[in-house]
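The values are calculated or read from the model by the stated rules, or taken from the named source; none is laboratory data. Predicted model only: the values in this text are computed from it and were never measured. A quick note on method: Cβ atoms are made from the backbone with ideal geometry, for glycine too, and the neighbour counts reach across all protein chains shown.
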Amino acid sequence: MKFTLKIWRQKNAKAKGRFETYQVEGISPDTSFLEMLDILNEKLVREGKEPVAFDHDCREGICGMCSLYVNGRAHGPDDDVTTCQLHCRKFHDGDTITIEPWRSAAFPVIKDLVVNRGAFDQILQAGGFINIGGIVPDANAIPISKVDADESMDAAACIGCGACVATCKNGSAMLFVAARVSSLAKLPQGRVEAARRAKAMVAKMDELGFGACSNTQACEAECPKGVSIAHIARLNREFLLAKVQD
């Protein structure tokens, strides 16, 4: 397969970016999208040119590092996959593919396709944890209903890739925050600090410049793990309850 790649190149956060066009040939339909970028970078290095910087780590759809906007969609044209799970067979031979970084004021570009998602880490540091004093109990010591456990695990499936923010027209991080709050709120261990957690994480989200929820459900549609916006409703309930208790 042969592709024309229009890739965003930007030296740093303050530099002016631009699209540059590259050609890649002889790509197998079974080649992953990131492997195709590897092939391009090997070609650029052989030509004495600077390779394209892009984020990646596990390449198994777990770490959430591979954050690319491909042809106007977060993670590309496939559904329920991260960019590293996207394969070239989802495109047609001769296609022009436009590749951009996440576009969000809260995710400044570091270089080319790499963005700084440290804002997510700051939100987690504000309340995405459980404090347990004394001896840690065995995992099965506290009975939890199957329904609650399943909902908690569904929320915990969030990998923090940032597709929800990049897709939302307001750049909202509500789905990310809601997933973290909901995954703990459905467990008895997380109820102790539930009020403080909801208030602290929402406050940090607002402080870091994320927008308000647009209610368009675009975040759920593009989430590679299918995290439901029902968790946003739970976050709103947790937040309102905490405010009432103040």
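When the residues of region 106-123 are filtered to those that are over 14 Å from the mean Cα position of the chain (by Cα) and not in a loop (DSSP other than H, G, I, E, B), the one that is surrounded by the fewest Cβ atoms within 10 Å (Cβ to Cβ) is Gln122. Every condition in (1) exposed (fewer than 13 other Cβ atoms within 10 Å of the Cβ); (2) in the same structural domain as Glu20 (by TED's automatic domain parsing); (3) closer than 24 Å to Leu208 by Cβ holds for Lys49 except the one numbered (3). Scanning region 1-32 for residues that are more than 19 Å from Lys111 (Cβ to Cβ) and either touching a residue at least 40 places away in the same chain (Cβ under 8 Å) or surrounded by 13 or more Cβ atoms within 10 Å (Cβ to Cβ) (or both) gives Met1, Lys2, Phe3, Thr4, Val24, Ile27, Ser28, Pro29, Asp30, Thr31, Ser32.
Would you say Ile130 is assigned by TED's automatic domain parsing to the domain that holds Ser172 and in contact with a Pro (Cβ under 7 Å, 6 or more places away or on another chain)? Considered against the rule, which asks whether it is assigned by TED's automatic domain parsing to the domain that holds Ser172 and in contact with a Pro (Cβ under 7 Å, 6 or more places away or on another chain), Ile130 comes out as no.
Counting only helices (runs of 4 or more DSSP H) wholly contained in region 135-191, the ones carrying 1 or more residues that are within 23 Å of Glu60 (Cα to Cα), out of contact with any Pro (no Cβ under 9 Å at 6 or more places or on another chain) and not assigned by TED's automatic domain parsing to the domain that holds Ala106 occupy 146-156, 163-167, 174-185. Restricting attention to region 185-237, the residues being surrounded by 17 or more Cβ atoms within 10 Å (Cβ to Cβ), under 25 Å from Thr82 (Cβ atoms) and β-branched (Val, Ile, Thr) number 3.
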